[in-house]
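Colleague: Okay, handing you the structure first.
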Amino acid sequence: MPAVSPPAVLLIQTAFIGDVILATALLERMHQTEPDTPVDFLVRKGNEGLLKNHPHVRRVLIWDKKKDKYRGLWHLLQQIRATGYDRVITLQRFASTGLLTAFSGARERIGFDKNPLAFRFTRVIPHVIGVGVHEVSRNLHLLDPAAEVPLTPPRLYPTAADEAAAAPYAAAGPYVCIAPTSVWFTKQFPAAEWVKLLRALPPQYTVYLIGGPPDAAACAQLLTASGRTTGVNLAGQLSLLASAALMRDAVLNYVNDSAPMHLCSALAAPTCAVYCSTVPYFGFGPLSPFSRIVELPQELDCRPCGLHGYRKCPLGHFHCAHGIQTSQLLAALAEAEALSQPLPAREEL
């Protein structure tokens, strides 16, 4: 008789790049605890490249939210029901993904209590934010709410093509990466402050500015304003996974509280995360073995002003960003340099 495949699981995370990266921790945990279970992953269109050739994903489902959003949602529901998943787990608190979960036909329908369709789930997990619990831990409790195990970090798997795309830049000598942009203005270290850092970084380092195609112009302006001759604008030139491969071997990566920080976490890349209006206590901090957080040393009554950031500072001064000193960023580099140096050989007795 042919072997019977174990019932499949569907994970749903159709939010932004960083959310998908953090969700890969569930793939790692499931591979440890139930390696024979097929796992499919539903993401929004544009994020599927993160899971290209992922060894723990059987199939990637894609929801195009910009084109036929609701018709696409209906077709996805039909596809999910036809597949016959044993478990459907939504990591989101929105009605759309709650609907896919609640009416999936799966034996187990799992999600957070703040989802409007949670009353149709078979298992509901409390979603608590702002108490220092990391998002990865919150998500992992969807698999087993009683488990008290060490946090499983997210992980991405650059393909051979991604590695080849990053290799020439990595081979050029010691380098630092800067991912200077963010969707949210108040999560983004200001351009004038990045320029100060670009001017202050030691000249022996090549500095790679990374980001997507929409970030290319902003990165070019930073390099021009800084006058740095050992800087290269790679925004829009590398895929997400190729960018991650490049960041993995950097002496240090400077990032905002944004997706590139989570790319670093998924490749254990050395990280200096700059926090402006948001705070690590929300649970989205860096998870790399070498991680440093830079933020305004003194407390502000207005910080944090929101969970996700704003298009502009609500009070107009943006001191939570402009008050950060370049010396704080350089101190993180000095630490990273010290750790990257080989240990001196022991003298023979």
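Read the figures in this text as sums done on the coordinates, not as results from a lab. None of the values given here were measured: they were computed from a predicted structure. For neighbour counting, all protein chains shown are included, and Cβ atoms are generated from backbone atoms with ideal geometry for every residue, glycine included.
Colleague: Grab the Cα-Cα distance for residue 204 and residue 301, subtract it from 0.36 nm times how many residues apart they are, and report the gain in nm with one decimal.
Modeller: 30.9 nm
Colleague: Right, next: Calculate, in nm to one decimal, what residue 192 and residue 146 gain on full extension: separation in residues at 0.36 nm each, minus their alpha carbon distance.
Modeller: Length gained between residue 192 and residue 146: 11.9 nm.
Colleague: How large is the direction-averaged shadow of the alpha-carbon convex hull of the stretch 114-267, in nm²?
Modeller: Mean projected area of the Cα convex hull: 11.8 nm².
Colleague: Please state the shape class of the stretch 1-111: rounded when a/c is under 1.5, otherwise prolate if a/b exceeds b/c and oblate if not, all from the C-alpha gyration tensor.
Modeller: Oblate.
Colleague: Next question. Give the whole-number value, in cubic angstrom per residue, of the convex hull volume spanned by the C-alpha atoms of the stretch 160-340.
Modeller: Enclosed volume per residue, from the Cα hull, is 108 Å³.
Colleague: Sticking with this structure for a sec: Could you tell me the relative contact order of the stretch 9-140? Use alpha-carbon pairs under 8 Å, at least six residues apart, and round to a whole percent.
Modeller: 23 percent
Colleague: Counting pairs of alpha carbon atoms under 8 Å apart in space and at least six apart in sequence, what relative contact order in percent does the chain give?
Modeller: 15 percent
Colleague: Just to confirm the number: angle between the C-alpha axis of helix 17-33 and the first principal axis of the chain, 0 to 90 degrees, nearest 10?
Modeller: The helix 17-33 is inclined about 60 degrees to the chain.
Colleague: Additional query: Cβ neighbours within 10 Å, averaged per peptide: list 18-30, 116-128 in order, most packed at the top.
Modeller: Result, highest mean first: 18-30, 116-128.
Colleague: What FRET efficiency comes out for residue 62 versus residue 224 if R0 is 35 angstrom and r is the Cβ-Cβ distance? Round to the nearest 0.05.
Modeller: After rounding to 0.05, the efficiency reads 0.40.
Colleague: Let me ask something else. What do you get for Rg/Rh of the stretch 204-274 when both radii come from the Cα atoms and Rh is the Kirkwood radius?
Modeller: 0.94
Colleague: Using Cα springs under 10 Å in a Gaussian network model of the chain, which residue among 300, 223, 252 shows the largest mean-square fluctuation?
Modeller: It is 300.
Colleague: Given Cα positions, please report Rg to Rh for the chain, the hydrodynamic radius being the Kirkwood one.
Modeller: Rounded to two decimals, Rg over Rh is 1.00.
Colleague: Would you mind ranking 322, 262 by Cβ crowding within 10 Å, fewest neighbours first?
Modeller: 322, 262
Colleague: Then there is this: For the Cα atoms of the chain, what angle does the longest principal axis make with the long axis of helix 191-200, in degrees from 0 to 90, nearest 10?
Modeller: The two axes meet at around 50 degrees.
Colleague: Which whole-number percent is the relative contact order of the stretch 160-340 (Cα, under 8 Å, 6+ apart)?
Modeller: 25 percent.
Colleague: Also: Taking the Cα atoms only, what angle lies between the long axis of helix 69-83 and the longest principal axis of the chain, rounded to 10 degrees?
Modeller: Tilt of helix 69-83: around 60 degrees.
Colleague: Shifting gears a bit: Working from the pairwise distances between different alpha carbons, so that the mean of 1/r is found and then inverted, what is the stretch 252-349's Kirkwood radius in Å?
Modeller: One over the average 1/r among Cα pairs gives 14.9 Å for the stretch 252-349.
Colleague: A follow-up question, please. Hey, what number do you get for the chain at 222 nm if only DSSP H runs of n ≥ 4 count, each worth -39500 (n - 2.57), divided across all residues, to the nearest 500?
Modeller: The per-residue figure over the chain is -10000 deg cm²/dmol.
Colleague: How large is ³J(HN,Hα), in whole Hz, for each residue of the stretch 94-103 in order, when computed from phi with the Karplus curve 6.51 cos²θ - 1.76 cosθ + 1.60 and θ = phi - 60°, using x for Gly and Pro?
Modeller: 10, 5, 4, 6, x, 5, 4, 6, 4, 10
Colleague: Can you list residues from other chains, or at least 5 along the same chain, whose modelled amide H is less than 5 Å from the amide H of residue 63?
Modeller: Here 43, 44, 45 satisfy the definition.
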